[in-house]
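Peer 1: I have a structure here, written as structure tokens, and I will follow up with some questions on it.
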Amino acid sequence: MKVLQVGLSGFPQGTAAVNRCIAINKMLVNNGIDVLVINRSAVHENKSGVNVESVGVIDGVRYQYTTPTPYRQGSFVVRRWYKFIGRLNEAILLIKYKKNRKVDLLIYYPNGNFLDLLYYRMISFIIGAPLVTHYVEYRSAHNSRDSQLLKLNDKIFDNYFHLFVDGVIPISIFLENQLIRKKCGSPMIRIPSVFDYSSNTIKNMSKLIETNPYFLYCGSIGYKNAIRLIINSFAGLKDNCYDLYLVLNGNGYFYNEINQLLEKLLIKDRVKIYSGVDYNVLLNFYKNAEALLIPLEDNVRDIARVPQKISEYLASGSPIITNNVGDVKYYFTDQDNALIAISFTEDDYRRKMQFVIDNHQESKEIGLKGYEIGLNHFSISSYSEQFSLFVRNLINK
């Protein structure tokens, strides 16, 4: 059986989306299903330390770029040309695979563009393969959309995408319920953020060179409210022997605002900002943190998502500090297997951070119980057979 994944570029490095797709595709590979991830866009920065081959294998999952290079070009004209070539080569490759080797299934990771979904629906008809899509966010809830056209696109996607696919992989209970409410007739399998708990990355987690104890947050620079909450909560802690690590992904002016806030609060010397961290180094950061931070707001955007970082955080055995929002309430109990702030406020979040400082041993035990939750509910082994059966049933339908 051959499964092709389309829609997402960035393999084998980068985003939470890439890590999710690696983990989920690995389930299929472990069950004897061949997977090829097709990357049609050049997204990697061509800088020292970044080495991405056009064709390769990551954890048994094969990938291939259809652009002339995986690296993003500086010239606007060249970028547009490479984008066209990438899409053209992808279409040719898909038809070639169908003609010569047979494609059994397309798995689509959406970028949120409804027209893009329709394009892959058309391709799936041409090559005669069912189309399955991930559903990882409720785009209509984004409040950062300035364009009315983008807002309209998001609304159309959330309300109608399920009519154009043969199967759906929702990430959360909220999104699964949305599909049920809309009477989605396609087969579904809910898979939250998952991590391979049997991988060498877990076994290779090690102690860092002696450092100050620290809290850690890893996430997109776009989650501004969460980052502000963490910084302000950290600044109010009674103990100033702890550091704060911010591992931020993305670009933008918000870095300037962060630095200004750190200077204003007189904590700049205790806050370390990282970006582009090697994945194995990042996992060691998780392992050695006193607590891992993942604040969630009580809004539809955060209720609908299950951050990939949750599964990775839990695998480290370090305790997580979060909020009782979305799927969190179904898996975690405060001061048992996680530390859960009552509300998205500095005072409540600071109390949980202070708890870690004041109760070192109990916090470690909470982290170990969190690891067990991860192993049982956020590990690929918990969904591997079920997902492979889901895929085989679609193919044989």
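Peer 1: Is there a residue being basic (K, R) and within 23 Å of the chain's Cα centre (by Cα) anywhere in region 324-338?
Peer 2: yes
Peer 1: Name the residue, out of E362, E372, that is under 23 Å from L282 (Cβ atoms), at pLDDT 95 or above and either surrounded by fewer than 24 Cβ atoms within 10 Å (Cβ to Cβ) or in contact with a strand residue (DSSP E or B) (Cβ under 7 Å, 6 or more places away or on another chain) (or both).
Peer 2: It is E372.
Peer 1: Examine region 123-144 for a residue that is part of a strand (DSSP E or B) and either more than 17 Å from the chain's Cα centre (by Cα) or more than 21 Å from S9 (Cβ to Cβ) (or both), and state whether such a residue exists.
Peer 2: yes
Peer 1: Another question about this same structure. Scan region 162-179 for residues that are outside any loop (DSSP other than H, G, I, E, B), among the aliphatic types (A, V, I, L, M) and in contact with a strand residue (DSSP E or B) (Cβ under 8 Å, 6 or more places away or on another chain) and jot them down.
Peer 2: V168, I169, L175, L179
Peer 1: Related question: Condition test on S186, is it part of a loop (DSSP other than H, G, I, E, B) and touching a residue at least 60 places away in the same chain (Cβ under 8 Å)?
Peer 2: In short, no.
Peer 1: Tally time: how many residues in region 180-213 are farther than 21 Å from I24 by Cα and either at pLDDT 90 or above or surrounded by fewer than 15 Cβ atoms within 10 Å (Cβ to Cβ) (or both)?
Peer 2: The number of residues fulfilling the criteria is 15.
Peer 1: Considering only region 339-352, state which residues are within 24 Å of the chain's Cα centre (by Cα) and buried (at least 22 other Cβ atoms within 10 Å of the Cβ).
Peer 2: L339, A341, Y349
Peer 1: Could you please tell me which pairs satisfy a Cβ distance under 6 Å, a separation of 6+ or placement on different chains, a first residue in region 222-243 that is closer than 12 Å to V356 by Cβ, and a second residue that is part of a loop (DSSP other than H, G, I, E, B)?
Peer 2: Y242/P213
The values are calculated or read from the model by the stated rules, or taken from the named source; none is laboratory data. Computed from a prediction, not measured in an experiment: that's the story for all the values here. Because the Cβ atoms are built from the backbone with ideal geometry, glycine has one as well, and the counts that use them run over all protein chains shown.
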